[in-house]
Ligand SMILES: Nc1ncnc2c1ncn2[C@@H]1O[C@H](COP(=O)(O)OP(=O)(O)OP(=O)(O)O)[C@@H](O)[C@H]1O
Ligand SMILES: [Mg+2]
């Protein structure tokens, strides 16, 4: 299921503003890639280009290529909706649909693409997705209750269940733990480690320990100043990035000297 992504010469714009400049990188399947860097350097912007969510903002566009298993996601004949089905996303704030039950939340994405899913298939998919998201045992007796009645950490796992129910190949997570307590954070980190057996995972985090704990590769983005574009400064195995990075700016950032 997991797919490889190759980004080449990517420039990312909001209208005339070049927000992120000239990114090239390889993202390996069945692994976790972390993106770190100071606020405003373009981590979220970059992440959203990996499933064509960037361009839903009026005036937003890219130059360059993002290829999944060799196929450019920005090719003329590629349907952005299909891309978003293959490349799922989990956001900073858990955002279950508040009026929907837990099970309907899990099925929300699936119902958009498969309106005729049978009751028993739906029930199986709900259980499978919730088990995969390490939430099943906690909610199996209240599947018909609203998703908004769960704790923050449970809601975030519900959002992960919703994202994986459509069976994507890639999962993007933008600071998925920043609104969570330390226990829920560790639960999500364990889940990420399990999910990487099946998915390609990219995670943006401000938490250096988290990047060190969950990721295999880390990319450091930085920005030279306000109004300047963000750039990928360095990317390497996470162990190398946190012990002996090549760039001084990386060293300064991970040791807490700025950002
Ligand atoms: N919708 C938008 N329209 C115009 N500019 C935007 C938009 N979203 C972000 N930007 C700009 O793009 C740049 C990168 O922002 P982005 O949100 O990607 O940074 P980030 O690294 O995710 O920061 P943070 O760590 O604070 O989340 C910033 O200068 C930001 O102001
Ligand atoms: Mg961000």
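Applying the criterion of being in a loop (DSSP other than H, G, I, E, B) and buried (at least 22 other Cβ atoms within 10 Å of the Cβ) to the residues of segment 195-220, the residue that is farthest from ligand 2 (Cβ to nearest atom) is 199. Figure legend. Inter-residue proximity from segment 24-45: first residues at positive phi, second residues in a helix (DSSP H, G or I) and within 6 Å of ligand 1 (Cβ to nearest atom), beta-carbon distance below 6 Å, spacing 6+ or different chains. Indicated pairs: 37/43.
For segment 20-30, the criterion of being within 16 Å of ligand 1 (Cβ to nearest atom), within 19 Å of the chain's Cα centre (by Cα) and farther than 29 Å from residue 241 by Cα is met by no residue. Being within 22 Å of residue 207 (Cα to Cα), touching a helix residue (DSSP H, G or I) at 6+ places or on another chain (Cβ under 7 Å) and surrounded by 19 or more Cβ atoms within 10 Å (Cβ to Cβ) is the requirement here; does residue 36 meet it? When the stated conditions are applied, residue 36 passes them. With the requirement that a residue be under 13 Å from the mean Cα position of the chain (by Cα) and either touching a residue at least 60 places away in the same chain (Cβ under 8 Å) or in a loop (DSSP other than H, G, I, E, B) (or both), what does segment 179-194 give you? Matches in segment 179-194: 192 only. When you look at residue 137, is it surrounded by fewer than 15 Cβ atoms within 10 Å (Cβ to Cβ), at pLDDT 95 or above and either more than 16 Å from ligand 1 (Cβ to nearest atom) or not in a helix (DSSP H, G or I) (or both), yes or no? Spelling it out, residue 137 is indeed surrounded by fewer than 15 Cβ atoms within 10 Å (Cβ to Cβ), at pLDDT 95 or above and either more than 16 Å from ligand 1 (Cβ to nearest atom) or not in a helix (DSSP H, G or I) (or both). Kindly indicate whether any position in segment 40-62 is more than 16 Å from ligand 1 (Cβ to nearest atom) and buried (at least 17 other Cβ atoms within 10 Å of the Cβ). Checking segment 40-62: not a single residue is more than 16 Å from ligand 1 (Cβ to nearest atom) and buried (at least 17 other Cβ atoms within 10 Å of the Cβ).
Against the list (1) surrounded by 19 or more Cβ atoms within 10 Å (Cβ to Cβ); (2) under 20 Å from residue 2 (Cα atoms); (3) at pLDDT 95 or above, the condition residue 109 fails is (3).
The values are calculated or read from the model by the stated rules, or taken from the named source; none is laboratory data. The structure displayed is predicted, hence computed values, not measured ones. In this analysis, Cβ positions are derived from the backbone assuming ideal geometry, glycine residues included, and neighbour counts consider all displayed protein chains.
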